[in-house]
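The values are calculated or read from the model by the stated rules, or taken from the named source; none is laboratory data. As the structure is a prediction and not an experimental result, all values here were calculated from the model. Reconstructed Cβ throughout: ideal geometry from the backbone, glycine too, with neighbour counts over all protein chains shown. Just the protein is used for accessible areas: all its heavy atoms, side chains included, with ligands, DNA and RNA removed. Shrake-Rupley method; radii C 1.70, N 1.55, O 1.52, S 1.80 Å.
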Amino acid sequence: MEEAKTRSLIIPARIPVMILLMPFFEPNGLSFIPRVDRIFTLLIAAAFMLAFALYIRSGLYSKLFLLTAVWRGALLISGLIAGHTVDRSFVMRSVLILGVLMSLELALRFDAMEAVTGLYTILAANLLVNLFTCINGGLVIRQTQLYYWNGMRTRFTDSIIPAIVLAFLISWKRKGRLLTPLSVATAAISAAQLLLQWVAAGMLALFALILFIFIFRRMKIAPSPVTAFLIPQLVGILIVFFRIQDLFRFIIVDLLHKDLTLHGRVAIWDQFLLKMKASPVIGMGEAGSGGAARMYWSARLLPAHNDILQNLYDGGIIGCALLAAILIYCAVRLSKYRGSMTALLLSAGFFAAGIHSIAEVSHYYIYFYILPFIAANAFYTEEQERQQNLVFYF
């Protein structure tokens, strides 16, 4: 009797990566459709529980995971002391951050470039749909505010920066060059939506990202990831606390056609600077969209429109220091591979994201954590030799 033939089904690792990560990247425009949002909430809960179970089973708990858990715990305590409650948005944000961290670490350990490719596919698909909603005049209007697939126009840059960096990284790893149809198309799709909606801060961040990459690539100088992260943070501190934006008049006024109040942001910063004094050490807790400033032109309370200010308001000196420690830790881990193309691209992402965070609250959105999380796990993208697929025999 002949032995039964064994057949196999080979599934590229990027497929399960996409399935696991996709719920964590719910397009912000869909969050206002109750039924769709409930479905995503259930999927997020399922994905988080699966990632948590697999992560615990792996027995490998990174310092990054522990640091992030401590930071979220500190914010939880701040919220309980200041507001005597646990905010729903804080819980959801914590689930997203820790869920993506665990999922990415697991995926990168298994097959780093397949993990990066799967993540990029999610970002690119959302960017493409977002471009269509820009062309068609938006997706939904809520409280007079127009939302697109990826949210408000000022939120486009959050996903654009990591998408372009990952496109360059995949191009380099797969093709040995930066400019490929994949990277050029990603940059073009990103630039088109920023130009269509005239997102000034986003265009500046995109320009800084591309310029950073090609200047250091051409000069063959290896930039320090830590320095690339710290420089825009320092500039942001000087602008917010010492109001040096007049030095950038040519960029702000002449090129971006904005005034030196940065479209009313200076008045918002002043309100946050006053309110921070109520609890400078532990902050007021992370709640909702972070709104605390009242402006005559807005019916709702506004967030700080600056990442450091929002950090200080939410978590005080302790919370802000913990998040800074997490990001510096990621940059230090990446510094081991200083001189590699991976380090150059991720450093460019840090630099561009830092510029964007001067005028927006970036760390409230899951896209903010993609590049730091990958940087902290650069060992796998740089030294992992094997490529794995999932194989099922039947």
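Remarks
- Test: residue in the range 36-49 that is in contact with a Ser or Thr (Cβ under 6 Å, 6 or more places away or on another chain) and in a helix (DSSP H, G or I): yes
- Some residue of the range 298-321 being at pLDDT below 95, in contact with an Asp or Glu (Cβ under 7 Å, 6 or more places away or on another chain), on the phi < 0 side of the Ramachandran plot and open to solvent by 40 Å² or more (accessible area, probe 1.4 Å): no
- Subset of the range 122-145 that is out of contact with any Phe, Trp or Tyr (no Cβ under 6 Å at 6 or more places or on another chain) and closer than 15 Å to Glu26 by Cβ - its residue that is most open to solvent (accessible area, probe 1.4 Å): Ala125
- Screening Thr154 with (1) surrounded by 24 or more Cβ atoms within 10 Å (Cβ to Cβ); (2) among the polar types (S, T, N, Q); (3) modelled with pLDDT under 95 gives one miss only, at (1).
- Within the range 150-197, tally of residues that are without any contact (Cβ under 8 Å) to a residue 24 or more places away in the chain and not in a helix (DSSP H, G or I): 4
- Only residues that are in a helix (DSSP H, G or I) and open to solvent by 60 Å² or more (accessible area, probe 1.4 Å) were counted in the range 77-101, giving 5.
- Tabulated pairs, the range 97-119, first over 22 Å from Tyr365 (Cβ atoms), second modelled with pLDDT of 95 or more and of a type in the set (Asp, Glu), C-beta under 7 angstrom, 6+ apart or interchain: none
- Meets criteria (open to solvent by 10 Å² or more (accessible area, probe 1.4 Å), aliphatic (A, V, I, L, M), modelled with pLDDT under 95 and in contact with a helix residue (DSSP H, G or I) (Cβ under 7 Å, 6 or more places away or on another chain)) for Ala201: yes
- Every residue from the range 212-247 that is in contact (Cβ under 8 Å) with a residue 24 or more places away in the chain and either charged (D, E, K, R) or touching a strand residue (DSSP E or B) at 6+ places or on another chain (Cβ under 8 Å) (or both): Arg217
- Filtering the range 118-149 to residues that are at negative phi and part of a loop (DSSP other than H, G, I, E, B) leaves Asn136, Leu139, Trp149.
- In the set (1) touching a helix residue (DSSP H, G or I) at 6+ places or on another chain (Cβ under 6 Å); (2) open to solvent by 30 Å² or more (accessible area, probe 1.4 Å), Pro162 fails one condition alone, (2).
- Criterion: more than 30 Å from Trp149 (Cα to Cα), in a loop (DSSP other than H, G, I, E, B) and either open to solvent by 50 Å² or more (accessible area, probe 1.4 Å) or among the basic types (Lys, Arg) (or both) - qualifying residue of Ile237, Ile221: Ile221
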